[in-house]
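I have placed the structure first, in the form of structure tokens, so that the comments after it can refer back to it.
The values are calculated or read from the model by the stated rules, or taken from the named source; none is laboratory data. All values derive from a computational prediction rather than experimental measurement. Glycine also receives a Cβ, built like all others from the backbone with ideal geometry; neighbour counts cover every protein chain displayed.
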Amino acid sequence: MKYTVLTLFPEMIESASTESIVGRAIEKGIIELKTIDIRKYARNRYGSVDDYPFGGGAGMVMQAEPVCQAVEEAKNGKEGNKTPVILMSPAGRRFTQTIARELAEYEELIILCGHYEGIDRRVIDEAVTDEISIGDYVLTGGELPALVVMDAVSRMIPGVLGNESSAEEESFSGMWLEYPQYTRPRVFHGQEVPEVLLSGNHEQIRKWRLKEAIRTTLERRPDLICEEQLTKEEKKILQDLLDNQN
């Protein structure tokens, strides 16, 4: 996977991407990261790429020309380049694990980080193929959302996590939130690790984890539950939990 991030703050992207799992994946060559500083296409000596919006209003808007030129560089000036161009925007579709998995199918992604009051609409109409939001709130720029998307997508890339089953077992990989996890010591502040996890009985452990995952989802995110997609075992566990609530 290759990420090309168009930003006013390339150091912010680069410094955050050198750490942890993503950083190791870059070192191994599994992931490639390139940043393009949009300011280098500024048409004035001050390096500004924003201007007042037509029609008035508060704030500034990123100009179309420097942003489009940055996109052209990211696409290596090749006409017909079909690499997705993703704008991080509060107006975009809500980012989910399903979208992360969808984006991980591409060999390359171009991510555009907006700033100020947004970017000239003509850039979106001409160059952007998708708009993504990481939540219903407004940030000062698109860099943090871009890092979130890159982190989530990178975990779907074979070889990044090392343990390929990890990505499929975590929260949001399916319908259920993740079950509780424990490690040594067996007793901490008077709380003991559930006995079933020490039993060595893999089938009992699987059942316990499934039940706890369903319980957590029911308590915290019942909106994620789609009964039509449940297995017979999941339906029974869910019904038992609901009966115990009454």
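For the reader, a short list of remarks on this structure follows.
- Of the residues making up the range 35-70, those that are touching a residue at least 40 places away in the same chain (Cβ under 8 Å) and either in a loop (DSSP other than H, G, I, E, B) or within 25 Å of S15 (Cβ to Cβ) (or both) are V49, D50, P53, G57, A58, G59, M60, M62, Q63, V67, A70.
- Taking the numbered list (1) assigned to a strand (DSSP E or B); (2) loosely packed, with under 13 Cβ neighbours inside 10 Å in turn, G77 passes all entries but (1).
- Condition check for E14: acidic (D, E), in contact (Cβ under 8 Å) with a residue 24 or more places away in the chain and either assigned by TED's automatic domain parsing to the domain that holds D130 or touching a helix residue (DSSP H, G or I) at 6+ places or on another chain (Cβ under 8 Å) (or both): no
- Residue that is modelled with pLDDT under 95, farther than 14 Å from A70 by Cβ, assigned by TED's automatic domain parsing to the domain that holds A64 and among the hydrophobic types (A, V, I, L, M, F, W, C), where the choices are L139, L103, L109, L147: L139
Results for (1) surrounded by 17 or more Cβ atoms within 10 Å (Cβ to Cβ); (2) over 25 Å from S133 (Cβ atoms); (3) at pLDDT below 95, shown as yes or no for each residue.
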{"position": "L6", "(1), (2), (3)": "yes, no, no"}
{"position": "P10", "(1), (2), (3)": "yes, no, no"}
{"position": "V22", "(1), (2), (3)": "yes, no, yes"}
{"position": "G29", "(1), (2), (3)": "no, yes, no"}
{"position": "Y41", "(1), (2), (3)": "yes, yes, no"}
{"position": "Y46", "(1), (2), (3)": "no, yes, yes"}
{"position": "G56", "(1), (2), (3)": "no, yes, yes"}
{"position": "Q63", "(1), (2), (3)": "yes, no, no"}
{"position": "T98", "(1), (2), (3)": "no, no, yes"}
